[in-house]
Amino acid sequence: MSIEAINPEGMCEPPEPYSYAVRAGDTVYLAGQVAFDSAGEIVGETTGEQAEQIWKNVAEVLQACGGSLANVVKITYFCQDIRELPEEMEVRRRVFGGGPYPAVTACQAAALGLPGLKLEVDVIAVIPQ
């Protein structure tokens, strides 16, 4: 089985040495996505606003892998304040439409990568080659 690193053009340069996604067979593992725009600036002050940008980023990475949000099978949320997760849930309901919905795990993190980040989303997708 081959392993392929995927770094879509138009995404901000990763602040550390990592790939936006790694494909192993039909499974695609995305690096944790945060609310960065293409310049690496944080978009949004609330969890809901940041979720909007995160799902745009996830969709862009999946498209570069030949897939879409319909290929997502697992989501893990890292929230600065778990009480704000319902704001993300509203965005997720809209983004994924009527389902089926991916499996989800959510946890509260004492701190995320940078001050101002409210949410980080880890995604696994299955995209047939």
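Quick notes
- On inspection, VAL28 fails the criterion of being modelled with pLDDT of 95 or more, in contact with a Phe, Trp or Tyr (Cβ under 9 Å, 6 or more places away or on another chain) and not charged (D, E, K, R).
- So GLY40, is it under 23 Å from ASN7 (Cα atoms), touching a residue at least 40 places away in the same chain (Cβ under 8 Å) and not in a strand (DSSP E or B): no
- Residue selected from the range 99-129 under the condition part of a loop (DSSP other than H, G, I, E, B) and in contact with a Pro (Cβ under 9 Å, 6 or more places away or on another chain), by the criterion surrounded by the fewest Cβ atoms within 10 Å (Cβ to Cβ): LEU114
- Enumeration of residues in the range 5-16 that are exposed (fewer than 13 other Cβ atoms within 10 Å of the Cβ) and at pLDDT 85 or above: ALA5, GLU9, GLY10
- In the range 85-98, the qualifying residues are those that are touching a helix residue (DSSP H, G or I) at 6+ places or on another chain (Cβ under 8 Å) and charged (D, E, K, R), and the one that is surrounded by the most Cβ atoms within 10 Å (Cβ to Cβ) is GLU88.
- Look at the range 16-27: where a residue is more than 15 Å from ALA125 (Cα to Cα) and a partner is among the aliphatic types (A, V, I, L, M) and assigned to a strand (DSSP E or B), sitting 6+ places away or on another chain with Cβ atoms under 7 Å, you get SER19/ALA5; SER19/ILE6.
- Residue check, THR76 over 28 Å from PRO128 (Cα atoms) and modelled with pLDDT of 95 or more: no
- Hits in the range 69-98 (condition: part of a helix (DSSP H, G or I) and either in contact (Cβ under 8 Å) with a residue 40 or more places away in the chain or basic (Lys, Arg) (or both)): ASN71, ARG83, GLU87, GLU88, GLU90, VAL91, ARG92, ARG93, ARG94, VAL95
The values are calculated or read from the model by the stated rules, or taken from the named source; none is laboratory data. Computed from a predicted model, the values in this text were never measured in an experiment. Virtual Cβ from ideal backbone geometry, glycine too; neighbours counted across all protein chains shown.
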